[in-house]
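Below is one structure, written out as C-alpha cells, with a few remarks after it.
The values are calculated or read from the model by the stated rules, or taken from the named source; none is laboratory data. This structure is a prediction, so every number in the text was calculated from the model and none was measured. Neighbour counts are summed over all protein chains in view; Cβ atoms, including those assigned to glycine, are modelled from backbone coordinates with ideal geometry.
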Amino acid sequence: MRRSKIAILAGFVFGGFFVGLNAQHSIPPQRPIISTKNTADPSPMLHNDTVFLYTGHDEDDAMGFKMFDWLLYTSTDMVNWTDHGPVASLKNFAWVPYDNGAWAAQCIERNGKFYMYCPVPNGIGIGVLVSDSPYGPFVDPIGKPLIQNSNHDIDPTVLIDDDGQAYLYWGNPKLYYVKLNDDMISYSGEIMVDPTTPANYQEGPWVWKRNGMYYLAYASTCCPEGIGYAMSTKPFGAWEYKGMIIDASELTRGNHPGIVDYKGKSYVFGQNYDLLKKITPKFYERRSVDLDEMVYNEDGTIQSRHYFSVEGPNQVHWVNPFARVEAETMAWSEGVKVQFETEWEGDFDWARGKKIADRRYATFINNGDFIKVQGVDFGPGAGKIQVSASPVYGGKIEVRIDGVDGKVIATVDINPARKSGIWQIYEAPVKKVSGVHDLYFVFKGDKDLFHFDWWQFTRK
C-alpha cells in the first residue's frame, strides 16, 4: 500500500489527471477480480481447501486514502469470488483515535486460531486481532498496539518457519522485523532493522518459504510501483534482489503483493486502478485487486510478468449449478453492488419481531446491469432455475450463456405484484443447455429492479 512520496501523490490527486490513460478505451473490460467494490492491499490465505482473500477497502468517494474496514472474499476456483463483506474495522481497536486508516493487513492461521495484523498509520502502531474462524468475528486480545516503533509501522506480514518460530515484518522505507512468541500476540527480543534492505524496496513486504529458501516480495520502485522480490537462506536476510514479479507500470501506480499456493500452482496478487479509470481519467486512491499465476524457474527464481493478463489465471474447477450459489459469487459484474442486512418480521426497531435471516445480496440493480459467473458445468442439461429475489419496482432476469448478448436459456420474471420488498423464490424453465459455459444474469426493467440473493438450477 503506497503512502510515501506525499508530494507526488498530491500532485496527482489535486491536479486531477492521470498520465497517458484513456478512461474508456484503454482498459480491457474484465481485469480486476472484484468489480462491486474498490479493493486494495490483498492478503491471501489458504484454509480448508479455500483461498481466503482479505483486502483493504477504498470508499467509492475516496480522494486520497479513505479506508474504514477490511473485507473478505473466498474462492475455490481462482476465478469466481464470493463477497463476505467487512470482517473487521478500526472500531475493533478501542485505542485507535480515528476511524480512517484501515491500511494493509494480513491474516494467518496458527493452532486453530486466526490472527489479523492491522497497521494504524501516523505512528499509532500495528494492532492484532484474533478469531476462532477465518470469517470472524475478530477481537482485540491485548487492548493496545502490538508494535509501536516509529512512524513507519505499516504493512505487516508474518512468516511461520518450519521450526515453528514466527516472524513479523513491516515498514516503509525500511524493513523491520521481530520474533513473535507462540501466542502470536506478543514478541521477544529487539525490533531489528534489516541491514540489507534489497534494491528498490518501498513497502508492502510479503515473506514466504519454498524449498528451503526465503522469499521477500514487496512494492518495488517508485513511481510507479511494480512488485519486486529478493531471496535469502535465512528468514531475516541478507536479501539478494532477484528482479520483478510484476513490472512497474503506469497502469498500477502503487502496489502491494500477496502470494499463495493453491492446487499445485502459485499465484501473485497485486492491485491496479482499472475500475477507477472506467469512470474518470482523474487519479484518486480507488484501487482494485488483481491476480495472475506466478511461475518459478528451475533455480527457484520467479518469471517476470509485464502486467496482469486480461484473461487471468486458468479456472481450477467448474462451478456446480445444481448447488445453491450466492448471487455475490461472481467473476465480474457491471452496475451491481453487494450489501448485507438482517431481515426481521417487522420493519420498526420497536416492533421487529423474530429474526428471519441474515442476507448478503446483490443490489443497486438497474436495466442492463449483469453478473458473470465463469465456467459453469451443466453436464447433460438442466430443467429449471430458481432464484431468491426481493422486488423493488420489479423486472426480469435474462439467463444467458457465453456473453451478455449470448443465448437466452431462461427468463425469470421478478413480479412486484408478488409483494414488493418480500423475499421469495422465483423460477423459470430452462432451454436446452449442456456442458461448460460462462453464465450471465442480465437484468432488464425500468429502474431499481430488485435485490438478488441466490440461484440454483435443477437437473432435467
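Residues in the stretch 358-372 that are surrounded by fewer than 16 Cβ atoms within 10 Å (Cβ to Cβ) and either small (Gly, Ala, Ser) or over 22 Å from THR36 (Cβ atoms) (or both): GLY368 only. Inside the stretch 253-279, residues that are closer than 29 Å to GLU109 by Cβ, of a type outside the set (Phe, Trp, Tyr) and within 20 Å of the chain's Cα centre (by Cα) make up a count of 15.
Residues in the stretch 30-48 that are in contact (Cβ under 8 Å) with a residue 40 or more places away in the chain and over 13 Å from ASN272 (Cβ atoms): THR36, LYS37, SER43, PRO44, MET45, LEU46, HIS47. The residue list PRO141, PRO195, PRO173 contains one member that is surrounded by fewer than 22 Cβ atoms within 10 Å (Cβ to Cβ) and over 30 Å from TYR241 (Cβ atoms), which is PRO141. The condition (being closer than 19 Å to GLN456 by Cβ, aliphatic (A, V, I, L, M), over 29 Å from the mean Cα position of the chain (by Cα) and at pLDDT 95 or above) is satisfied by just one residue among ALA410, ALA362, ALA331, ALA327: ALA410. Return yes when LYS209 is over 17 Å from PRO42 (Cβ atoms), buried (at least 18 other Cβ atoms within 10 Å of the Cβ), under 28 Å from the mean Cα position of the chain (by Cα) and of a type in the set (Lys, Arg) and no when it is not. In short, no. Contact map, the stretch 373-387: residues that are closer than 16 Å to LYS432 by Cβ and surrounded by 15 or more Cβ atoms within 10 Å (Cβ to Cβ) paired with residues that are of a type in the set (Ser, Thr, Tyr) and at pLDDT 95 or above, Cβ distance under 8 Å, separation 6+ or inter-chain. Pairs shown: PHE378/SER434; GLY379/SER434; ALA382/THR458; LYS384/THR458; ILE385/THR458. Within the stretch 116-139, the set of residues being at pLDDT 95 or above and within 17 Å of TYR177 (Cα to Cα) comprises MET116, TYR117, CYS118, PRO119, GLY125, ILE126, GLY127, VAL128. Filtering the stretch 129-169 to residues that are within 22 Å of VAL193 (Cβ to Cβ), β-branched (Val, Ile, Thr) and assigned to a loop (DSSP other than H, G, I, E, B) leaves only ILE154. What pairs come out if I take residues in the stretch 117-129 that are within 11 Å of ILE142 (Cβ to Cβ) and in the same structural domain as PRO42 (by TED's automatic domain parsing) and pair them with residues that are of a type in the set (Phe, Trp, Tyr) and at pLDDT 90 or above whose C-beta lies under 7 Å away, six or more apart or interchain? As it stands, the answer is GLY127/PHE93; VAL128/TYR115; VAL128/TYR117; LEU129/PHE138, since those pairs meet every condition given. Residues that are touching a strand residue (DSSP E or B) at 6+ places or on another chain (Cβ under 6 Å), within 18 Å of MET45 (Cα to Cα) and assigned to a strand (DSSP E or B) do not occur anywhere in the stretch 272-280.
Screening PHE348, PHE340 for residues that are modelled with pLDDT under 95 and within 20 Å of the chain's Cα centre (by Cα) leaves exactly one candidate, PHE340.
Would you confirm, using the coordinates I've provided, whether MET116 is among the aliphatic types (A, V, I, L, M) and surrounded by fewer than 16 Cβ atoms within 10 Å (Cβ to Cβ)? Judged against the criteria, MET116 is not a match.
Within the stretch 60-105, being among the charged types (D, E, K, R) and under 22 Å from GLU203 (Cα atoms) holds for LYS66, ASP69. Selection within the stretch 220-251: residues that are in a loop (DSSP other than H, G, I, E, B) and hydroxyl-bearing (Ser, Thr, Tyr). The member of this set that is surrounded by the fewest Cβ atoms within 10 Å (Cβ to Cβ) is THR233. Taking the condition in a strand (DSSP E or B) and among the hydroxyl-bearing types (Ser, Thr, Tyr), does SER390 pass? When the stated conditions are applied, SER390 passes them.
Among residues that are among the hydrophobic types (A, V, I, L, M, F, W, C), in contact with a strand residue (DSSP E or B) (Cβ under 7 Å, 6 or more places away or on another chain), surrounded by 12 or more Cβ atoms within 10 Å (Cβ to Cβ) and over 30 Å from ARG459 (Cα atoms), PHE308 is included. Among the residues making up the stretch 239-283, those that are among the basic types (Lys, Arg) and at negative phi are LYS242, LYS265, LYS277, LYS278, LYS282.
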